[in-house]
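Notes follow the structure.
The values are calculated or read from the model by the stated rules, or taken from the named source; none is laboratory data. Computed from a prediction, not measured in an experiment: that's the story for all the values here. Quick reminder, even Gly has a Cβ in these numbers, built from the backbone with ideal geometry, and neighbours come from all protein chains shown.
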Amino acid sequence: MEYVFLLGRQKKLSIAELLAQKHFEITNPDFQVQDDLAWLEVSQELFDPQAVLDKLGGTIKLMKIEQEVHSAEIKNALKAYIKGINPVTKFNLGISSYLNQNLPLLRIEIDLKKELKAEGFKLRFIESKEPQLSSVQVSKNQLTDLEKGVEFNLLSKNGKVYLATTCAVQDFESYSERDYGKPGRSAKLGMLPPKLAQIMLNLASVKPGDLVLDPFCGTGTIAMEGLLMGVNAIASDFDAGQMQRTEQNLEWLNNKFDQEKDLEITIFEADARNIVKELESREICAKVTAIVSEGYLGPAQARVPSLQEMKQIFSELAGLYRVVFENYANLLPRGARVVMTLPYFRARQEQFMPLDKILTFSRGFTLQNPLSASNKQERPSLKYAREDQVVGREVFVWEKL
Ligand SMILES: C[S@@+](CC[C@H](N)C(=O)[O-])C[C@H]1O[C@@H](n2cnc3c(N)ncnc32)[C@H](O)[C@@H]1O
């Protein structure tokens, strides 16, 4: 079964997420990525593709390959597909082209509409100025619900043209609500975008029923996204105000979003440097399966700090994380993952924490290359930053030795 995943803006993170996630099994881990499209073979048809996509922060659209098609035969292939569905009421139809060649799409649409109308079908074409429809157009016009409509995608791989149907698109409204609509917000201390939280949970290869700890939870974004993925969560922070926001946000999430009823969520105020003791006192130490955390990024920066200031911040953070990783080492079983971000500075020349510092503070763990074991890129990390940010986030994946 072949699916094509349209990747988000942070393409490397999206690819790493697909490689590490546990929601479905990929049978070609060396899958091809061309432009923004990843071509994946999966072991079984995705039973509920929207539910799968809702757990992938790095994919925008999920398409299922239907057949190879000759360029001259596209209209007939679409016609046969629609006749196979045999819609009885008015049916919405969209066509998106990811091909480099210019196809007379408008001509195809006009002829298709005319021919199918003559056979008694009522079709409504969704028009777009761009070669591809947007996620908003696909979802507003219900083009993933085969009773209401369909979006056809024309794609090419190795010189061949393929026809794919869209089975799910990113639920932009839900992400936006989880990001901007939650009651407990803290722009000053920084918040993780929900999509990045999902990507990090997937980089930790979490599965439903796991127990994930975020000891720098801030407003609770990772715990929230974990709960929506069916994962139990422990969230702590040493700032009482942040814990209050986490509590508010989790209650809001519980009222607003569907989540499994029997998930456990534990929240408390604690310093991450003492997290093992804190967990022991609550008798939940042994159950943690992964640690996913944005971590402390250093003091908020309105301007780019001097090189000297950056060095100072990196040294302080390395000191903090040395103690924190000693705790992690006492907490996790062998093979368990820690996914955490470290800050980097977006000066004219980007400045990162020196790798030897990172390897020193995380003794007892090995740094994984999130893109693949065979990819020997120098720095095994993935960057995430918005254009206007002075401080970016560098995502790392460790495994307990
Ligand atoms: C960048 S924020 C995390 C934001 C969070 N991911 C969110 O989405 O809201 C870092 C958090 O680490 C907390 N923090 C810093 N040092 C800490 C420590 N030693 N122990 C526990 N929490 C700490 C801060 O209070 C802050 O809330």
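Pull up region 285-309, narrow it to residues that are among the hydrophobic types (A, V, I, L, M, F, W, C) and within 16 Å of Phe352 (Cα to Cα), then point me to the one that is surrounded by the fewest Cβ atoms within 10 Å (Cβ to Cβ).
So in region 285-309, the residues among the hydrophobic types (A, V, I, L, M, F, W, C) come out as 285-286, 288, 290-292, 297, 300, 302, 304, 307.
Now drop any that are not within 16 Å of Phe352 (Cα to Cα), which leaves 297, 304, 307.
Values: Leu297: 19, Val304: 15, Leu307: 12.
Filtering first and then ranking leaves Leu307.
Answer yes or no: is there a residue in region 211-222 that is assigned to a helix (DSSP H, G or I), modelled with pLDDT of 95 or more and within 14 Å of the ligand (Cβ to nearest atom).
yes
For region 351-370, a residue qualifies if it is in a loop (DSSP other than H, G, I, E, B) and of a type in the set (A, V, I, L, M), and exactly one does: Met353.
Of Ser134, Ser156, all but one fail to be under 21 Å from Val52 (Cβ atoms) and modelled with pLDDT of 90 or more; the exception is Ser134. A residue that is part of a helix (DSSP H, G or I) and under 15 Å from Val339 (Cβ atoms) cannot be found anywhere in region 227-239. Taking the conditions exactly as written (among the small types (Gly, Ala, Ser) and either more than 30 Å from Val292 (Cβ to Cβ) or under 16 Å from the mean Cα position of the chain (by Cα) (or both)), does Ala187 satisfy them or not? Taking the combined requirement at face value, the residue does not satisfy it. Of all residues in region 272-320, those satisfying the criterion of being within 13 Å of the ligand (Cβ to nearest atom) and assigned to a loop (DSSP other than H, G, I, E, B) are Glu294, Gly295, Tyr296, Leu297, Gly298, Pro299, Ala300, Gln301.
To keep it simple, each residue is scored yes or no on (1) within 30 Å of Ala80 (Cα to Cα); (2) β-branched (Val, Ile, Thr); (3) free of Cβ contacts under 8 Å to residues at least 40 places away in the same chain.
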{"residue": "Val169", "(1), (2), (3)": "yes, yes, no"}
{"residue": "Tyr180", "(1), (2), (3)": "no, no, yes"}
{"residue": "Ala187", "(1), (2), (3)": "no, no, yes"}
{"residue": "Lys207", "(1), (2), (3)": "no, no, no"}
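Among residues of region 261-276 that are without any contact (Cβ under 8 Å) to a residue 60 or more places away in the chain, those with a Cβ under 6 angstrom from a residue that is assigned to a strand (DSSP E or B) and buried (at least 16 other Cβ atoms within 10 Å of the Cβ), sequence gap 6+ or separate chain, pair up as Leu263/Asn232; Glu264/Asn232; Ile265/Ala233; Thr266/Ile234; Ile267/Ala235; Phe268/Ser236; Ala270/Ser236. Can you name every residue in region 221-277 that is of a type in the set (Gly, Ala, Ser), surrounded by 15 or more Cβ atoms within 10 Å (Cβ to Cβ) and more than 24 Å from the chain's Cα centre (by Cα)? Correct list: Ala270, Ala272. Kindly check whether there is at least one residue in region 193-207 that is of a type in the set (S, T, N, Q), touching a Ser or Thr at 6+ places or on another chain (Cβ under 8 Å) and surrounded by fewer than 22 Cβ atoms within 10 Å (Cβ to Cβ). No, region 193-207 has no match at all. Looking for something outside any helix (DSSP H, G or I) and among the acidic types (Asp, Glu) - is there at least one such residue anywhere in region 6-22? Within region 6-22 (the criterion being outside any helix (DSSP H, G or I) and among the acidic types (Asp, Glu)), the answer is no, since none of the residues qualifies. Is one or more of the residues making up region 241-249 hydroxyl-bearing (Ser, Thr, Tyr) and away from the ligand (no atom under 16 Å from the Cβ)? The answer is no; no qualifying residue exists. State yes or no: is Val338 touching a helix residue (DSSP H, G or I) at 6+ places or on another chain (Cβ under 7 Å), in a strand (DSSP E or B) and in contact (Cβ under 8 Å) with a residue 40 or more places away in the chain? Criteria met by Val338.
Of the strands (runs of 3 or more DSSP E) lying entirely inside region 115-183, those containing at least 3 residues that are under 25 Å from the mean Cα position of the chain (by Cα) span 149-157, 160-169. Considering the conditions (1) closer than 18 Å to Pro380 by Cβ; (2) within 15 Å of the ligand (Cβ to nearest atom); (3) not basic (Lys, Arg), Gly335 is excluded by exactly one of them, (2).
Quick one: in region 134-163, of everything that is within 19 Å of Pro104 (Cα to Cα) and out of contact with any Asp or Glu (no Cβ under 6 Å at 6 or more places or on another chain), which residue is surrounded by the fewest Cβ atoms within 10 Å (Cβ to Cβ)?
Residues of region 134-163 within 19 Å of Pro104 (Cα to Cα): 151-156, 159-163.
So of that shortlist, the ones also out of contact with any Asp or Glu (no Cβ under 6 Å at 6 or more places or on another chain) come out as 151-156, 159, 161.
Details: Glu151: 24, Phe152: 23, Asn153: 25, Leu154: 24, Leu155: 21, Ser156: 17, Gly159: 5, Val161: 20.
Within region 134-163, the match that is surrounded by the fewest Cβ atoms within 10 Å (Cβ to Cβ) is Gly159.
Condition check for Leu196 on (1) farther than 23 Å from Pro333 by Cα; (2) hydrophobic (A, V, I, L, M, F, W, C); (3) away from the ligand (no atom under 16 Å from the Cβ); (4) at pLDDT 95 or above: one failure, at (3).
Residue-level check: of (1) away from the ligand (no atom under 13 Å from the Cβ); (2) closer than 22 Å to Ala336 by Cα, Asn254 misses just (2).
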